[in-house]
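The structure appears below as structure tokens.
The values are calculated or read from the model by the stated rules, or taken from the named source; none is laboratory data. As the structure is a prediction and not an experimental result, all values here were calculated from the model. Every residue, glycine as well, gets a Cβ built from its backbone with ideal geometry; the counts of neighbours run over all protein chains shown. The accessibility values were calculated without ligands, DNA or RNA, using every heavy atom of the protein model including side chains. Shrake-Rupley method; radii C 1.70, N 1.55, O 1.52, S 1.80 Å.
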Amino acid sequence: MIGWAITFLVVALVAALLGFGGIAGTAVEAAKIVFFVAIALFLISAVFGAVRGRSPRI
């Protein structure tokens with residue numbers, strides 16, 4: 001999901017450089033949403049992993 005957030009961020013930067021304000025704004029908002037969803041899912045999985053008491057595999 002972080003890859004998608006970075007992709008949307010790059011699209012927003014390119015659109016901003018070319019002067020497409022509406023597209024850049026939409027891509028930035030999509031990047032923010034995907035980024036925060038990825039962070040939330042990571043935190044949820046970290047909490048559940050800690051509660052279950054399993055050690056992480058390396």
Exercise for review: Take the solvent-accessible surface of the protein heavy atoms, probe 1.4 Å, and return the percent of it on the chain that carbon and sulfur atoms account for.
Suggested key: 77 percent
Practice item. Note the angle between two axes, namely the Cα long axis of helix 21-52 and the longest principal axis of the Cα atoms of the chain, as a number of degrees from 0 to 90, rounded to the nearest 10. Key: 0 degrees
Review point. In degrees, nearest 10, range 0 to 90: what is the angle between the Cα axis of helix 2-18 and the longest Cα principal axis of the chain?
Key: 10 degrees
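In whole percent, what relative contact order does the chain give with Cα contacts below 8 Å and a gap of six or more residues?
Values: 36 pairs, mean separation 20.9, N = 58.
The normalised contact order for the chain reaches 36 percent.
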Review point. In the chain, what trypsin sites (Lys or Arg not before Pro) fall in a loop by DSSP, with at most 11 other Cβ atoms inside 10 Å?
Key: 54, 57
Exercise for review: Match the structure shown to one of the listed values [x] 41, 24, 18; [y] 54, 37, 6; [z] 51, 20, 9 of Cα extents along the principal axes in Å, computed from it, and give that label.
Suggested key: [z]
